[in-house]
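See structure below.
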Amino acid sequence: MPFLRGFAGVLSIVVVLAMVGCDTGPTLYPASGTIKVNGSPVEGASVTFAPDSGPIGTGTTDASGKFTISTAGKPGAAPGTCKVTVNKTAGPSIAAPTKPLTPEEMKEIQMKMKADNASAKSEIPAKYTLVTSTDLKATVTTDAAKNVFDFDLK
């Protein structure tokens with residue numbers, strides 16, 4: 001009988017894990033669009049869909065300013081009205097080292113990165129970068145054809 005008790009214990013763990021694995025979260029719907037600033041597409045911008053409740057969706061723009069939203073690693077966005085934020089910072093980049101670095105060289109690079117970050121300039125008007133100030137909204141519906149959101153930031 002100890003075998004059956006052990007088997008029952010293992011079986012109950014498997015059932016619990018299977019139930020946890022079945023939690024897929026909210027149903028997601030395709031959501032995409034384009035980000036432009038003063039009529040020009042923005043490449044490499046981070047786009048965030050922040051609903052009043054529910055998971056946040058994100059995407060990144062390509063060379064033509066197009067983005068596709070994903071939520072928790074799955075394509076799509078939760079239905080409902082979302083505040084939309086857009087972020088992209090331009091600044092100098094540091095090339096990857098071609099040899100092992102000494103502690104002094106690492107410190108020098110870190111200091112340069114800190115200075116570069118302080119001087120980095122946002123390519124997006126400031127009001128669109130924070131959920132507390134953006135006036136951009138997207139209402140994600142169950143109809144994928146209506147979930148294309150194009151924004152031209154001024």
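Within the set Ser93, Ser122, the sole residue that is hydroxyl-bearing (Ser, Thr, Tyr) and either more than 18 Å from the chain's Cα centre (by Cα) or modelled with pLDDT under 80 (or both) turns out to be Ser93. Looking for something in a strand (DSSP E or B), in contact with a Lys or Arg (Cβ under 9 Å, 6 or more places away or on another chain) and at pLDDT 90 or above - is there at least one such residue anywhere in region 61-76? No, region 61-76 has no match at all.
The residues of region 26-59 that are in contact with a Phe, Trp or Tyr (Cβ under 7 Å, 6 or more places away or on another chain) and closer than 14 Å to Val131 by Cβ, listed by number, are Val47, Ile56, Gly57.
Being within 15 Å of Thr141 (Cα to Cα), more than 12 Å from the chain's Cα centre (by Cα) and modelled with pLDDT under 95 is the filter here; which residues of region 18-52 pass it? Scanning region 18-52 gives Pro26, Thr27, Pro51, Asp52. Residue selection: Lys114 satisfies the criterion of being in a helix (DSSP H, G or I), exposed (fewer than 12 other Cβ atoms within 10 Å of the Cβ) and at pLDDT below 90.
The values are calculated or read from the model by the stated rules, or taken from the named source; none is laboratory data. Values in this document were obtained by computation on a predicted structure and should not be read as measured data. All Cβ positions, even for glycine, are placed from backbone atoms using ideal geometry, and neighbour counts span all protein chains on display.
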